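The values are calculated or read from the model by the stated rules, or taken from the named source; none is laboratory data. All of these numbers come straight from a predicted model, not from anything done at the bench. Using ideal geometry, Cβ is built from the backbone for each residue, glycine included, and neighbour counts are taken over all protein chains shown.
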Ligand SMILES: *Cc1c(COP(=O)(O)O)cnc(C)c1O
C-alpha cells in the first residue's frame with residue numbers, strides 16, 4: 001500500500017488546521033488543499049496533480065477555468081458587476097432569453113444558489129396552488145421523495161429524510177408529503193385535492209446516484225397532468241449535460257412544468273441558479289413578492305451566458321453520454337468483489353461498495369493517493385462525476401487505477 005506521506009505535508013496540514021480552527025465542522029473533506037485548476041485537473045499546494053472526478057458536485061461540467069468563460073468573466077469585471085434589480089442591467093435580458101431558448105420555457109427567474117432556486121419554485125408552486133388551482137388558503141401540499149437532496153435551507157431540510165440534515169433544526173415547515181422515490185403508484189396515492197406540486201430529482205445525486213426504473217418520470221408526469229399537479233424537476237445536479245442529455249428529463253420524453261437549474265449554469269465561476277416555467281406559473285410573482293439582491297446581476301449573467309454556450313458548442317451532453325456508457329461498462333466488466341453495483345447515466349456514475357467490503361471512504365482515500373479525487377456519497381457509493389470536458393485517455397487512466405484500488409481490502 002502507498003503511504004499517505006504526500007497527503008500530510010506541513011503546508012497541507014497548516015491549511016486544514018486553520019479551517020478546522022476558524023470554521024464550522026459541517027463537512028468531512030478529503031485531506032487535500034487545492035490552489036489551481038485547469039480542465040479536468042487540479043493541483044494541491046504542494047504542486048501535486050489530481051484528476052477531479054467530482055467536478056464540484058457537477059458545478060464545473062465545463063472544466064476548471066474554462067478559457068472562454070474566464071474571458072467573459074474578465075470582460076464583465078471591467079465594466080459592471082452589480083446593479084440590484086432596482087435597476088435594469090444589459091446582461092440579464094440576454095441571459096434569461098438565451099436560457100429560455102435553450103430550455104424551451106417562457107420565463108426564467110435567476111437566483112444565486114441552488115437552494116434559493118428550489119425555495120423560489122416552492123413559493124411559485126404554492127401560490128399557483130392557491131391562485132390558479134384554487135386550493136384553500138394555507139392548505140397546499142407539495143409531494144417530495146424519500147432520500148431527496150434539494151438544499152440546506154430550513155424549509156428544504158424540513159422534508160429531508162436524512163437525519164443529519166434535519167435533526168434539531170425544527171420545527172419543520174409543514175406542507176410536504178414524502179413518498180418513496182421511484183414509486184409512481186405511491187405518488188398517485190399521495191395526491192389529494194390540496195396537492196400543488198411534485199418535486200423530484202430525475203436521478204438522486206447526493207442520495208447515492210439512485211437511478212429510478214425506466215418510465216418512472218414519464219408515469220409521474222402523466223399522474224401530475226391528470227391531477228392538475230405541477231411537476232417540478234430539480235436538475236441542479238443532473239442538468240446541463242451531466243447525464244448525457246442537456247436535461248435528464250429528456251430521457252423520459254417529458255417536459256416538467258417547473259425546471260430548477262444551478263451549479264454548472266455558471267461553470268464554477270459564480271453562483272447562478274434559476275427557476276424556469278411558462279407564463280402561468282411565473283405569472284404568480286408581482287413586484288415585491290420575491291427577489292434577491294444578487295439574482296440576475298450582470299457579472300453572474302455574463303458568466304452564465306458563456307457557460308451555457310460552451311455546453312452547446314462543445315457538445316458536452318453527447319460527450320457525457322458516450323464516455324459515460326463506455327466507462328460504466330468497463331467498470332462493470334472488472335467484476336470487482338467489493339462492488340455491489342455500478343450504475344450511471346452519462347458521466348454521473350456511482351460505484352456501490354458492498355457492505356461486506358466496508359464503506360466507500362477508504363477507497364476514495366486510496367484513489368486520492370493515486371491522484372484521483374472522488375468523494376463518497378451516502379457511505380457506500382464512490383461517485384465518479386468528472387468535468388464533461390475530460391479526455392478519454394484520462395478516463396482510461398482512471399480505469400486502470402480503479403481496477404487496482406477495487407482489488408484492495410480495507
Ligand atoms: C447541489 C444541489 C442543490 C443545492 O444547491 P446549492 O447551490 O448547494 O444550494 C439542490 N438540489 C440538488 C439536486 C443539488 O444537487
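Scanning region 85-97 for residues that are free of Cβ contacts under 8 Å to residues at least 12 places away in the same chain and outside any helix (DSSP H, G or I) turns up 86, 87, 88.
Within region 269-294, can you find the residues that are buried (at least 24 other Cβ atoms within 10 Å of the Cβ) and either outside the structural domain of residue 84 (by TED's automatic domain parsing) or assigned to a loop (DSSP other than H, G, I, E, B) (or both)?
As a first pass, look at region 269-294 and keep what is buried (at least 24 other Cβ atoms within 10 Å of the Cβ): 272-277, 281.
272 - this is the single residue of region 269-294 that is buried (at least 24 other Cβ atoms within 10 Å of the Cβ) and either outside the structural domain of residue 84 (by TED's automatic domain parsing) or assigned to a loop (DSSP other than H, G, I, E, B) (or both).
Select from region 39-64 the residues that are farther than 18 Å from residue 385 by Cβ and surrounded by 11 or more Cβ atoms within 10 Å (Cβ to Cβ) and list them in ascending order. Listed by number, the residues that qualify are 43, 44, 45, 46, 48, 49. Evaluating residue 56 against the criteria (1) more than 16 Å from the ligand (Cβ to nearest atom); (2) within 18 Å of the chain's Cα centre (by Cα); (3) part of a helix (DSSP H, G or I) leaves one unmet condition, (1).
Would you confirm, using the coordinates I've provided, whether residue 13 is more than 16 Å from the ligand (Cβ to nearest atom), surrounded by 12 or more Cβ atoms within 10 Å (Cβ to Cβ) and within 19 Å of residue 264 (Cβ to Cβ)?
On the way: more than 16 Å from the ligand (Cβ to nearest atom): yes; surrounded by 12 or more Cβ atoms within 10 Å (Cβ to Cβ): yes; within 19 Å of residue 264 (Cβ to Cβ): no.
In short, no.
Out of 236, 211, one residue alone is over 27 Å from residue 139 (Cβ atoms), modelled with pLDDT of 95 or more, within 15 Å of the ligand (Cβ to nearest atom) and over 13 Å from the mean Cα position of the chain (by Cα). It is 211.
Which count do you get for residues in region 98-111 that are outside any helix (DSSP H, G or I) and more than 16 Å from the ligand (Cβ to nearest atom)?
Number satisfying all stated conditions: 5.
Answer yes or no: is there a residue in region 231-251 that is assigned to a helix (DSSP H, G or I) and farther than 25 Å from residue 308 by Cβ. The answer is no; no qualifying residue exists. Here the condition is being under 22 Å from residue 246 (Cα atoms) and in a helix (DSSP H, G or I); of 366, 333, 307, it holds for 307 alone.
Note on region 195-208: residues that are in a strand (DSSP E or B) and within 16 Å of the ligand (Cβ to nearest atom) total 5. Got a sec? Which of 359, 339, 398 is at pLDDT 95 or above and surrounded by 20 or more Cβ atoms within 10 Å (Cβ to Cβ)? It is 398.
The set of residues from region 112-143 being touching a residue at least 40 places away in the same chain (Cβ under 8 Å), part of a loop (DSSP other than H, G, I, E, B) and out of contact with any helix residue (DSSP H, G or I) (no Cβ under 9 Å at 6 or more places or on another chain) comprises just one member, 113.
Look at region 144-172 and say how many of its residues are surrounded by fewer than 18 Cβ atoms within 10 Å (Cβ to Cβ), in a loop (DSSP other than H, G, I, E, B) and within 16 Å of the ligand (Cβ to nearest atom). The qualifying residues number 6.
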